[in-house]
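Asks: Provided herewith is a single structure, encoded as structure tokens, for subsequent inquiry.
The values are calculated or read from the model by the stated rules, or taken from the named source; none is laboratory data. Bear in mind that the values here come from a model prediction, so they are computed numbers and not experimental data. Glycine also receives a Cβ, built like all others from the backbone with ideal geometry; neighbour counts cover every protein chain displayed. Just so you know, the surface numbers come from the protein's heavy atoms only, side chains and all, with ligands and any DNA or RNA stripped out. Shrake-Rupley method; radii C 1.70, N 1.55, O 1.52, S 1.80 Å.
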Amino acid sequence: MPQLNAYLVFDGECAAAMRFYESVFGGTLSMTTQADALGDGEASAGEDARILHARLVFAEGQRLMGSDCPPGMPYEGIKGFSLSLIYPGIDEAQRVFDALAVGGQVTMPMQRTYWAGAFGMLTDRFGTPWMVNGELIDP
């Protein structure tokens, strides 16, 4: 069966964002910079630290991937979707929500809904939109 993984694109903040997500979710992070891929002196000045590919593997093989947009390509931001997290318990959902919210903007505080014991929405400090669910309710 195929896997569906999120791949986020940033404008020079990929390394910081992926380290932040590693601190929130745990797991194993690997990153390749433009300099790593192209070799010494091949990347444009100031572009060598940009991330060509990052992968965070956490929680039973879940993957969150990302990169910085290529040099010269206009960055349009992250828009038109949300990453949805589902936790079996409310406490873990609240912990993750609170961690992601630091420096970001909460659009809906964690609260009980008809489908979950707790649900909240936010955009983190890197512009990534999240929906966090805890303790789903079987209707």
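Asks: Considering only residues that are in contact with a helix residue (DSSP H, G or I) (Cβ under 9 Å, 6 or more places away or on another chain), assigned to a strand (DSSP E or B) and open to solvent by 50 Å² or more (accessible area, probe 1.4 Å), which ones fall in the range 55-64?
Replies: Arg55, Gln62 - these are the residues of the range 55-64 that are in contact with a helix residue (DSSP H, G or I) (Cβ under 9 Å, 6 or more places away or on another chain), assigned to a strand (DSSP E or B) and open to solvent by 50 Å² or more (accessible area, probe 1.4 Å).
Asks: Shifting gears a bit: Take the range 85-115 and flag every residue that is in contact (Cβ under 8 Å) with a residue 24 or more places away in the chain, surrounded by 15 or more Cβ atoms within 10 Å (Cβ to Cβ) and outside any helix (DSSP H, G or I).
Replies: Leu85, Tyr87, Met110
Asks: Is the range 66-75 home to any residue that is surrounded by 15 or more Cβ atoms within 10 Å (Cβ to Cβ) and either among the β-branched types (Val, Ile, Thr) or more than 17 Å from the chain's Cα centre (by Cα) (or both)?
Replies: no
Asks: If we scan the range 20-27, do we find a residue that is open to solvent by less than 70 Å² (accessible area, probe 1.4 Å) and charged (D, E, K, R)?
Replies: Taking every residue of the range 20-27 in turn, at least one turns out to be open to solvent by less than 70 Å² (accessible area, probe 1.4 Å) and charged (D, E, K, R).
Asks: How many of the residues making up the range 116-139 are closer than 30 Å to Cys14 by Cβ and in a strand (DSSP E or B)?
Replies: Total meeting the criteria: 12.
Asks: Then there is this: Let me confirm something: among Ser84, Ser30, Ser67, which residue is within 20 Å of Thr128 (Cβ to Cβ), in contact with a helix residue (DSSP H, G or I) (Cβ under 8 Å, 6 or more places away or on another chain) and not hydrophobic (A, V, I, L, M, F, W, C)?
Replies: Selected residue: Ser67, the only one of Ser84, Ser30, Ser67 that is within 20 Å of Thr128 (Cβ to Cβ), in contact with a helix residue (DSSP H, G or I) (Cβ under 8 Å, 6 or more places away or on another chain) and not hydrophobic (A, V, I, L, M, F, W, C).
Asks: Identify, by number, the condition in (1) free of Cβ contacts under 8 Å to residues at least 60 places away in the same chain; (2) closer than 22 Å to Glu22 by Cα; (3) out of contact with any Cys (no Cβ under 7 Å at 6 or more places or on another chain) that Asp68 doesn't meet.
Replies: Every condition holds for Asp68 apart from (3).
Asks: Note down all Cβ pairs under 9 Å where the first residue falls in the range 1-20 and is more than 17 Å from Ile78 (Cα to Cα), the second is loosely packed, with under 14 Cβ neighbours inside 10 Å and at pLDDT below 95, and they're at least six residues apart or on different chains.
Replies: These pairs meet every condition: Gln3/Gly61.
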